[in-house]
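The values are calculated or read from the model by the stated rules, or taken from the named source; none is laboratory data. A quick note: this is a predicted structure, and the numbers were derived from the prediction, not measured. No Cβ is skipped: glycine too gets one built from the backbone with ideal geometry, and neighbour counts run over all protein chains shown.
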Amino acid sequence: MSLLQSVRRYFIYLFFVSTPVLFFSCYPGGIEYYNESDIVVTQYDDNFNFASNQNYFMPDTIHHVVEEGLEDEVDRSYDDEVLARIATHMATAGYTRFESDEIADSVLVDSANVVLTVVVTSTEYSGIGYIPGGGGWWGWYPGWGWGGGYYPGYPWYPGYGWGYPYTYSYSTGSMFIEMIDEDGIDHFEEVLPVTWQATINGLLSGDAENTQWRVDRAIDQCFEQSQYLFN
Amino acid sequence: MKILIALSALLLSANGFGQFVYTDVTYDVSVPLGNTSDFISKTSFRGMTLRVGRFVTDDLAVDVRFSWNTFYETKDFETYTSEDGISSVTGKQFKYINSFPLTAGVRYVLNSSSDFSPYFAGGLGAYKINERRDMGIYYVEDMIWHFGFYPEIGFIYDFSYSVGLNVYARYDYALKTQDATAHSYIAFGVGLHFGD
């Protein structure tokens, strides 16, 4: 084999090896900023009549789900803004909020048609079939006992078509807004009938400067894509 | 890929780098068609083809080919609703298709003894197509093997000793499977041809 042929052979080998490497280095990227990872998911019970159940109670506290032995990683500086913004949208949709400094919450709940709860996860969760910490906020409810945050009556992602209908993976700082039919609460079976639910994944994670903007955008989007609430 | 390397080694070792063996290394620009275009409409500027062939007559060659064509597109912050209207999801979508054809084919060369040699080619084989969409921390990915084929037209222009320019247009078609739709695109390639 001549020198020229040898050089040519190694040149070809070099091409074969270097071309895929060069190509791989140009592979397209994905998410670069926190706001590109925001997801808003909503769903509702289409058998529920929202128009005739427009009195609601919403606690003035966001429940942070913190695993035992861990500290709360999500700060509460956005809590008031979140609750206020939700209340504003509910008012726009025609709902009346029951709130009082003098009347016990349990009485207000009994009087309301629906209860709106807001839950934020302080830990990353993944698994199958339930929302982490579900019902944690209901600790005040007399005689209530929760079995590991399980929503027996939860309509989980029916017909979703995205490939993860029965699984979940929530980042730290994910927020859940849930509307519960007060009349349908089954104390014996411990079933909370969720009539509307919004999930905002990973909203409060990180310390991005635009978190407030992301919070506002996500909550607005929850209601924007839930026009059935505006009956 | 291992199969390609093995076949390539076999072809290369048959006659060394003698006049009957050629290799092509090309850069591909691919235009999506059909279902591929429905999923990602943007033209792909990330693609390559590696090919090793051997002439069995003066005009006719057989070869093996491996390509990698990546399609990519981002969508704005948009809302998608399930067919029953119950569930909606809003987010920014990132979509990818990675197509990896591994084919065997034939090439018929016109004017094979001249510096400028147009050719017609075609072949068939396996197409591994990975279709993926990301939204937030979620992703859905289908990695499906298809059976597919390609016709191709192009030319070789020898500008130096045993080195030439290879330009072609190739239509890659991966047939639908039980789990996936068909995919198709036209790849325009330019690169180097080694061999007489």
For B:His183, only one of the following conditions fails: (1) within 12 Å of another protein chain (Cβ to nearest Cβ); (2) touching a helix residue (DSSP H, G or I) at 6+ places or on another chain (Cβ under 6 Å); (3) of a type outside the set (Phe, Trp, Tyr). What is its number?
(1)
Looking at the structure I just gave you, is B:Ser88 assigned to a strand (DSSP E or B), without any contact (Cβ under 8 Å) to a residue 40 or more places away in the chain and surrounded by 14 or more Cβ atoms within 10 Å (Cβ to Cβ)?
yes
Please go through the range B:38-48 and pick out each residue that is more than 9 Å from chain A (Cβ to nearest Cβ) and either in a loop (DSSP other than H, G, I, E, B) or modelled with pLDDT of 95 or more (or both).
B:Ile40, B:Ser41, B:Lys42, B:Thr43
Those residues of the range B:116-143 which are under 18 Å from the mean Cα position of the chain (by Cα) and farther than 21 Å from B:Asp28 by Cβ amount to none
Test for B:Thr57: is it part of a loop (DSSP other than H, G, I, E, B) and either at pLDDT below 90 or of a type in the set (Ser, Thr, Tyr) (or both):
yes
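Looking at this structure, is B:Ser113 within 13 Å of another protein chain (Cβ to nearest Cβ), of a type in the set (S, T, N, Q), over 15 Å from the mean Cα position of the chain (by Cα) and farther than 19 Å from B:Val190 by Cα?
In short, no.
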Out of (1) more than 29 Å from A:Gln225 (Cα to Cα); (2) at pLDDT below 95; (3) under 22 Å from the mean Cα position of the chain (by Cα), the one B:Tyr72 does not meet is (1)
Assess whether A:Ala91 counts as being without any contact (Cβ under 8 Å) to a residue 12 or more places away in the chain and in contact with a strand residue (DSSP E or B) (Cβ under 8 Å, 6 or more places away or on another chain).
yes
Members of the range B:23-58 that are in contact with a Phe, Trp or Tyr (Cβ under 6 Å, 6 or more places away or on another chain) and more than 18 Å from B:Ala174 (Cα to Cα)
B:Thr23, B:Val25, B:Leu50, B:Gly53, B:Arg54, B:Phe55
Based on this model, can you work out whether B:Ser87 counts as more than 11 Å from the chain's Cα centre (by Cα) and within 14 Å of chain A (Cβ to nearest Cβ)?
yes
Quick one: which of A:Val119, A:Val109 is more than 14 Å from every other protein chain (Cβ to nearest Cβ), in a helix (DSSP H, G or I) and either on the phi < 0 side of the Ramachandran plot or modelled with pLDDT of 50 or more (or both)?
A:Val109
